[in-house]
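*Asks:* Handing you a structure now.
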Amino acid sequence: MPVLETRNLSKYFGALQAVSDVSLQVDEGSLIAVIGPNGAGKTTFFNLISGRYAPDRGEVLLKGENITGLPPHELVRKGMGRSFQITNIFPELTVLTNVCVALTASLGKSFDFIHSLRSSREILKEASSIVQAVGLVEYAEYRGGALSHGDRKLLEFAMVLAMKPIIMLLDEPTAGMNQEETNNTVRLIREISREKNITVILTEHDIDLVFSISDRIAVLNQGRLIAEGTPDEIRTNDLVKKAYLGDEQ
C-alpha cells in the first residue's frame, strides 16, 4: 500500500484548471520530486494534498485512509508535515523555542502553553536533539528572525520534523540558498528521510538537484501529470524534454 495516493485530483480557479486528474502513488520511505515549468500546478497540487485547498474532484489517501478535504491541523495529527517557499517560523522566538512550539502542536497543546515549555526537560531534550540534527545547535538561543535565509529554512525543516511526520511536503526547500547551503540541505533531507523512514515529496526548480536526490520524479505541465518514473526514465522522456527539460537534457 502506498503511503500517499491521489486519485484524479483536480482543482479549478474560475475557468482555469490548475490541477487536472492527477493520480499518483508514493511509496513509504521514498523521496519523490514534483517538477514542471512555472504555472504547471505544483504548488496547487501541494495545497490539495496538505488540506489548504479542497479539491473540486478526486481523492487524497494517506496510508489508505481518505483524507480528502481535511484541514491542515488534522492532517498534521495524522503525520503530514509541510514547509513552504517562504519560511514559516516565529521570528521573535529563539530557535529552540520555535522547535518547542512545534513539538507542543504535535502533542495537541495550544501555543499559550509556551511559558511552561522551557521548564519541561522532556520537551527541551527532544527539541535540542532536533536542533542538533539539522545543524543549528550553535544558534539555539538566537532569535529565528536573526538567522540567515538558509538557516531559517533549516529551522522550518526542524519544526516540520518536530511534528513527527510520516510524510513531509517540502516546497522548494533550497530556494534562495547559496551552493554550500543547498548541498548541506540536500544531504540533510536525504539523511533524515533515510534514518527516520520519512517519505518526502518536494518541489524544486534546481533540476540537477532533483536528479541527484530523487528516487522518482513526477512531471506536471498545465496541471496534468505528463510523466512519472525514475530520474533516468524522466531524463530520456521525449514528452518531458519537449515540455520542460529542453533538448540539452
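The values are calculated or read from the model by the stated rules, or taken from the named source; none is laboratory data. As the structure is a prediction and not an experimental result, all values here were calculated from the model. Please note: Cβ atoms are built from the backbone with ideal geometry, for glycine as well, and neighbour counts cover all protein chains shown.
*Asks:* With a cut-off of at least 1 residues that are over 30 Å from Arg57 (Cα atoms) and of a type in the set (Ser, Thr, Tyr), name the helices (runs of 4 or more DSSP H) lying wholly within segment 130-249.
*Replies:* 179-196, 207-213
*Asks:* Now a separate question. I want to confirm something. Restricting to segment 1-18 and keeping residues that are part of a loop (DSSP other than H, G, I, E, B) and touching a residue at least 12 places away in the same chain (Cβ under 8 Å), which single residue is farthest from the chain's Cα centre (by Cα)?
*Replies:* Among those that are part of a loop (DSSP other than H, G, I, E, B) and touching a residue at least 12 places away in the same chain (Cβ under 8 Å), it is Met1.
*Asks:* Within segment 147-154, is even one residue over 21 Å from Thr43 (Cα atoms), loosely packed, with under 14 Cβ neighbours inside 10 Å and of a type in the set (Ser, Thr, Tyr)?
*Replies:* Yes.
Per-residue answers, yes or no, for (1) surrounded by 18 or more Cβ atoms within 10 Å (Cβ to Cβ); (2) in contact (Cβ under 8 Å) with a residue 40 or more places away in the chain; (3) out of contact with any Phe, Trp or Tyr (no Cβ under 7 Å at 6 or more places or on another chain); (4) not assigned by TED's automatic domain parsing to the domain that holds Ala140:
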position	(1), (2), (3), (4)
Phe46	yes, yes, yes, yes
Arg52	no, no, yes, yes
Arg57	no, yes, yes, yes
Val60	yes, yes, yes, yes
Ile89	yes, yes, yes, no
Thr94	yes, yes, no, no
Val99	yes, yes, yes, no
Leu103	yes, yes, yes, no
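*Asks:* Now for a different question. Exactly one condition in (1) modelled with pLDDT of 85 or more; (2) outside the structural domain of Leu96 (by TED's automatic domain parsing) is false for Ala158; which is it?
*Replies:* (2)
*Asks:* What tally of residues in segment 1-50 results from selecting those that are under 15 Å from Gly69 (Cα atoms) and of a type in the set (Lys, Arg)?
*Replies:* 2
*Asks:* Does Ile49 qualify as being closer than 25 Å to Leu16 by Cβ and at pLDDT 90 or above?
*Replies:* Working: closer than 25 Å to Leu16 by Cβ: yes; at pLDDT 90 or above: yes.
Yes: the conditions hold for Ile49.
*Asks:* Turning to a different aspect of this structure: I'd like to verify a number: residues in segment 169-199 that are free of Cβ contacts under 8 Å to residues at least 40 places away in the same chain and of a type in the set (Ser, Thr, Tyr), how many?
*Replies:* 3
*Asks:* Just to check your reading of the model, which residue among Glu204, Glu228, Glu181 is of a type in the set (D, E, K, R), crowded, with 17+ Cβ neighbours inside 10 Å and closer than 20 Å to Ser20 by Cα? First the steps, then the outcome.
*Replies:* Working: Glu204 fails: closer than 20 Å to Ser20 by Cα; Glu181 fails: closer than 20 Å to Ser20 by Cα.
Sole residue among the options that is of a type in the set (D, E, K, R), crowded, with 17+ Cβ neighbours inside 10 Å and closer than 20 Å to Ser20 by Cα: Glu228.
*Asks:* Going through segment 19-43 one residue at a time, which ones are of a type in the set (Val, Ile, Thr) and assigned to a strand (DSSP E or B)?
*Replies:* First pass over segment 19-43, keeping only residues of a type in the set (Val, Ile, Thr): 19, 22, 26, 32, 34-35, 43.
Hits for segment 19-43 are Val19, Val22, Val26, Ile32, Val34, Ile35.
*Asks:* Tell me, yes or no, whether segment 210-226 has at least one residue that is in contact (Cβ under 8 Å) with a residue 40 or more places away in the chain, under 25 Å from Gly135 (Cβ atoms), polar (S, T, N, Q) and in contact with a Gly (Cβ under 8 Å, 6 or more places away or on another chain).
*Replies:* Taking every residue of segment 210-226 in turn, none turns out to be in contact (Cβ under 8 Å) with a residue 40 or more places away in the chain, under 25 Å from Gly135 (Cβ atoms), polar (S, T, N, Q) and in contact with a Gly (Cβ under 8 Å, 6 or more places away or on another chain).
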